[in-house]
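Undergrad: Would you mind keeping the following structure in view while I ask a few things?
FYI, it's all coordinate maths here, none of it is from the lab. Just so we're clear, the structure is a prediction, and the values are computed from it rather than from any experiment. Using ideal geometry, Cβ is built from the backbone for each residue, glycine included, and neighbour counts are taken over all protein chains shown.
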Amino acid sequence: MGQLAHFADRRAARLDASILGMIQTSLADAVTPLSGTIDALAARIAVCEHGQGATKKVTTLKDIIVVWRSDVDHLKSTNMSMIIRTVEIPDVPDMPLSTTGDEVRA
């Protein structure tokens, strides 16, 4: 019985790592296009600044771009395993045996 429990633990650990990898990949896939969009906006702002000079609006937009880039960098560096491991999963009450179809063995 000990080997079965050990096998189940190893299998659960691999599944956990696999799911975390999928989440991390999905996060990267979602955030990467944001970087491109932010870079494109920054380029357009630079063109506006070149044409109009450093106006209050252009300076404000540049400040916003800096914040957005920081947010994207933070999301890219997020370690999902640290986040997921801190989430508490409430205990699920055991179902009565009469509803599961299991028999009680003595």
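Undergrad: Given the stretch 2-82 reduced to its alpha-carbon atoms as identical point scatterers, what log10 I(q)/I(0) does the Debye formula return at q = 0.21 Å⁻¹?
TA: With one equal scatterer per Cα and no solvent, log10 I(q)/I(0) is -0.92.
Undergrad: What net charge is computed for the residues neighbouring Gln3, neighbours being all others with C-beta under 13 Å from the C-beta of Gln3, Lys and Arg scored +1, Asp and Glu -1?
TA: Its environment carries a net charge of +1.
Undergrad: While we're here: For a Förster distance of 30 Å, can you work out the FRET efficiency between the beta-carbons of Gln24 and Lys62, rounded to the nearest 0.05?
TA: The pair Gln24/Lys62 has a calculated efficiency of 0.45.
Undergrad: Put +1 on the Cβ of each Lys and Arg and -1 on the Cβ of each Asp and Glu in the stretch 1-52; which of His50, Ile23, Ala13 then has its Cα farthest toward the positive end of the dipole?
TA: Ala13
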